[in-house]
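Beneath this line is the structure, given in structure tokens, with notes to follow.
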Amino acid sequence: MVTRRQFLAGLSATYVVSGFSSSEALAKEISRTMDASQTTDAADALPIKYGYAAITWGADIVKAMEDISAVGFRAIQLRGEAFAQFGDQPKALRELLGKHHLTFAVLSSGNLSIDPAREQEMLTTHTQHAQFVKDAGGLCLQVIDERPKGRPVVADDYRRLGRLMTELGKRTGNLGVPLVYHHHMNSTGERPHEVAAVLDAADKRHVRLLFDTAHYQQGGGDPVAAIRTYRDWIDVVHLKDVRPSPNPPAPSASPAAPAQPGPAYQFVELGRGRVDLAGVFAALREINYRKWAIVELDRVPEPGRTPKEAAETNKRYLLETMHQTI
């Protein structure tokens, strides 16, 4: 990134070789050029509301709030730990968020099972979480579904999930808390055609989409194209990056046993993976996206670094590479 000192030095050199007639002329040219540069940067910034996910800090959500606020983000996504620790005292959570000047943008409400025997349990649990979000001053409730175990996904699974989320979305909506569906690896909505099938079965009036750039990429899709496709569905974006795992499959303990595969992918800070983030921001600009964008990193990929340091890396990417304002 070019500093102001470097910029002025370079422009002064241009002045020498191009023959400005006076120092006053040079000053005017410096002012004009810098104003144009600032206008370009401002034009790059999107009217998006940025936040940061607390998942990197695990159960230590108080530390997450402290660090996320200190780095400069003004909103947070919390997980089930928030309900576990503050479920009976949502006003205390609201006060703590206020102390750190953080908007409670999203609560990750956990998994939504499509097992018919658990339907009422699911509706009750997640509606209770929505009430907690409202009482704590939060805005949105996120769910991830559970992919059926021991059998392939069938068409009725998509339909059942869509219907269940629609009913849940009606209930949370009545509380003033929109429901957003987070497509996810190892869920029913893992691959692009599966995301489409789930949304086809859901009612857009009651179910909205949390679009995750890295999960969609890892699931085999093109996140840039998907943002355009689902422009009318998206209420929250997870800005996230992913790369192939640097860890090879673990060797088998026995020659007769198959090797144990390691993870196929690794989530990393923005700009360190293979997601076309420049294309993502171009698509968000194209659809005039003005809602929530939450930067998420499941865990710090490099040993010895802290969640706060990773958050600072992500912030620099947004500011310096994508010219965003958080």
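The values are calculated or read from the model by the stated rules, or taken from the named source; none is laboratory data. These figures come from a predicted structure and were not determined experimentally. For neighbour counting, all protein chains shown are included, and Cβ atoms are generated from backbone atoms with ideal geometry for every residue, glycine included.
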**Item:** The one condition in (1) without any contact (Cβ under 8 Å) to a residue 40 or more places away in the chain; (2) farther than 22 Å from residue 325 by Cβ; (3) of a type in the set (Val, Ile, Thr) that residue 76 fails to fulfil
**Value:** (2)
**Message:** Going through 91, 63 one at a time, which residue ends up being assigned to a helix (DSSP H, G or I), more than 22 Å from the chain's Cα centre (by Cα) and modelled with pLDDT of 95 or more?
**Reply:** 91
**Request:** Check the range 51-58 and report whether any residue there is at pLDDT 95 or above and part of a loop (DSSP other than H, G, I, E, B).
**Result:** yes
**Looking only at the range 175-185, and only at residues there that are assigned to a loop (DSSP other than H, G, I, E, B) and within 18 Å of the chain's Cα centre (by Cα), the one that is nearest to residue 227 (Cα to Cα)** = 183
**Complete:** the range 235-320: strands (runs of 3 or more DSSP E) wholly inside it with 3 or more residues that are touching an Asp or Glu at 6+ places or on another chain (Cβ under 6 Å) and either surrounded by fewer than 17 Cβ atoms within 10 Å (Cβ to Cβ) or modelled with pLDDT under 95 (or both) are none
**Prompt:** Only one of 124, 172 is surrounded by fewer than 17 Cβ atoms within 10 Å (Cβ to Cβ) and either assigned to a helix (DSSP H, G or I) or out of contact with any helix residue (DSSP H, G or I) (no Cβ under 7 Å at 6 or more places or on another chain) (or both); which?
**Reply:** 124
**Request:** Return a yes/no flag: does the range 161-171 have any residue that is at pLDDT below 95 and within 22 Å of the chain's Cα centre (by Cα).
**Result:** no
**Message:** So in the range 71-88, with the set limited to residues that are in contact with a helix residue (DSSP H, G or I) (Cβ under 7 Å, 6 or more places away or on another chain) and part of a helix (DSSP H, G or I), which one is surrounded by the most Cβ atoms within 10 Å (Cβ to Cβ)?
**Reply:** 82
**Message:** Whether any residue in the range 100-117 is surrounded by fewer than 16 Cβ atoms within 10 Å (Cβ to Cβ) and assigned to a loop (DSSP other than H, G, I, E, B) is what I want to check.
**Reply:** yes
**Fill in**
Subset of the range 209-220, residues crowded, with 21+ Cβ neighbours inside 10 Å and either more than 15 Å from the chain's Cα centre (by Cα) or among the aliphatic types (A, V, I, L, M) (or both), comes to 209, 210, 214, 219
**Request:** State all residues of the range 222-234 that are touching a helix residue (DSSP H, G or I) at 6+ places or on another chain (Cβ under 7 Å) and surrounded by fewer than 20 Cβ atoms within 10 Å (Cβ to Cβ); if no residue qualifies, say none.
**Result:** 228, 233
